[in-house]
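A short write-up of the structure that comes next.
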Number of protein chains: 2
Amino acid sequence: MFLSKSFGYALRGILYVALKDTEGRKVKLGEIAEKLSVPRHFLAKIMKLMVQEGILSSIKGPYGGFLLNENTLTAKLIHLVKITDGVEQFNTCVLSLRKCNSKNPCPLHYQMLKLRDGMLAEFSKTTIGDLLNQETPDFIKSISVI
Amino acid sequence: MFLSKSFGYALRGILYVALKDTEGRKVKLGEIAEKLSVPRHFLAKIMKLMVQEGILSSIKGPYGGFLLNENTLTAKLIHLVKITDGVEQFNTCVLSLRKCNSKNPCPLHYQMLKLRDGMLAEFSKTTIGDLLNQETPDFIKSISVI
DNA sequence: TCCAAAAAGGATATTGACATCTTTTTTGGA
DNA sequence: TCCAAAAAAGATGTCAATATCCTTTTTGGA
């Protein structure tokens, strides 16, 4: 709900690389797509976006693949949202009214403001590293089983 | 974000009827669509759904239109969501993982659970009447200006 | 220098939400 | 009884997100 499938693919993809990229091992697109049961070519575009945004690295050619870089673990979830969905989401009126604001609030304005600020705060502070550090029994399984 | 345009149309439509239906005056589809700047035929289907769900009434023929009934003001927002988007929204994993639950939580499970429960609670308790009763400078304007 | 493997890029389907148009049913009044 | 107006119903069109397929670029190693 409220976030696109693309966002889910991006997060699961980057987390998978983070889990597998140990001692310089590069992770191939095919492996990620297969293990996460995600459409390969669609995932390719999303991975590419993350590379372009600098929160992930890639190497072309044989023995190539995706790997972490110095920005990956500190990347905020809001950055992924920005890449896949656009952050305007957090600021658009739930009734699609462009003129909705505190001066001219829609009937749901304040209720939504509260909820949305909570989300925005959560997504602005949580990093990829934070998610990896939370103890989950079987992390790799949790992002793989659809 | 996270709610469809249909939900917005439904809510604004039912609120408009509630504001205009005084002393048995019926509100015509054309008037609602025009005043709210909403696509007429699309709105027609959504209004019909609300009638079928029993939270709004309608009368066919000349001098017909939409009007409130005994359920309108006590209808919960969650009911509108159910009609337009489906309530599964509130229970589906943000990463689209069907097997995500407390036994096998996705990396965002608990963060989202908290946020989602807040929303669900809000939408489960707030009624159409509640929205009408909150003091807004110019209510009709707030649902009309897009 | 050439080949194969991998990411990157681009072109084309598919699908569901959103929107529009047309026809049918209902009904109050002339 | 007939007509016009309104909701209801059904058919079709549009568009963006999602998905798939094909081509290009890059690069390590034989």
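The values are calculated or read from the model by the stated rules, or taken from the named source; none is laboratory data. The structure displayed is predicted, hence computed values, not measured ones. No Cβ is skipped: glycine too gets one built from the backbone with ideal geometry, and neighbour counts run over all protein chains shown. All accessible areas refer to the heavy atoms of the entire protein, side chains included, with ligands and DNA or RNA removed. Shrake-Rupley method; radii C 1.70, N 1.55, O 1.52, S 1.80 Å.
Here is how the numbers come out for the structure above:
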| quantity | calculated |
| --- | --- |
| Label geometry 7 Å along the beta-carbon vector: A:E88 inter-copy distances in nm | 2.9 |
| FRET efficiency, 1/(1 + (r/R0)^6) with R0 51 Å, evaluated for A:T22 and B:I59 via beta carbons | 0.15 |
| Test item: Cα-centred dipole of region A:5-138, Lys/Arg +1 and Asp/Glu -1 on Cβ, debye | 560 debye |
| Cα-projected label distance for A:K103 with A:K5, points at 7 Å along beta-carbon direction, nm | 4.1 nm |
| Chain A Cβ-axis minimum, rotational copy B, residue and distance in Å | A:F2, 1 |
| Per-residue [θ]222 nm for the protein assembly as shown (sum of -39500 (n - 2.57) over DSSP H runs n ≥ 4, rounded to 500) | -15000 deg cm²/dmol |
| Region A:66-92-region A:1-64 distance, computed between alpha-carbon centres (Å) | 13 Å |
| Total charge dipole magnitude, the protein assembly as shown, about the Cα centre, Cβ charges on Lys, Arg, Asp, Glu only, Debye to nearest 20 | 760 debye |
| Whole-Hz ³J(HN,Hα) from phi, Karplus 6.51 cos²θ - 1.76 cosθ + 1.60, for region A:55-71, glycine and proline x | 9, 7, 10, 9, 10, 7, x, x, 6, x, x, 9, 8, 6, 9, 5, 9 |
| Shielded residues, region B:89-105 - accessible-area loss of 20 Å² or more between chain alone and all protein chains, probe 1.4 Å | B:Q89, B:V94, B:L95, B:S96, B:L97, B:R98, B:K99, B:N104, B:P105 |
| Per-copy distances of the B:K26 label point, shortest first, in nm (7 angstrom along Cα→Cβ) | 7.0 |
| Coil-residue GluC sites (Glu not before Pro) of region A:1-34, DSSP, other Cβ within 10 Å capped at 12 | A:E23 |
| Chains B and A together, accessible area buried on both sides, 1.4 angstrom probe, square angstrom | 3800 Å² |
| Set B:K45/B:K82; A:K82/A:K114; B:K82/B:K114; B:K35/B:K141; A:K28/A:K125; A:K5/A:K48 screened for pairs whose C-alpha atoms are more than 19 Å apart | A:K82/A:K114; B:K82/B:K114; A:K28/A:K125 |
| In range of the label at B:D138: residues from region A:93-132 whose backbone nitrogen is under 17 Å from the point 7 Å along Cα→Cβ | A:97-107 |
| Built amide H within the under 5 Å cut-off of B:S58, gap 5+ | B:L67 |
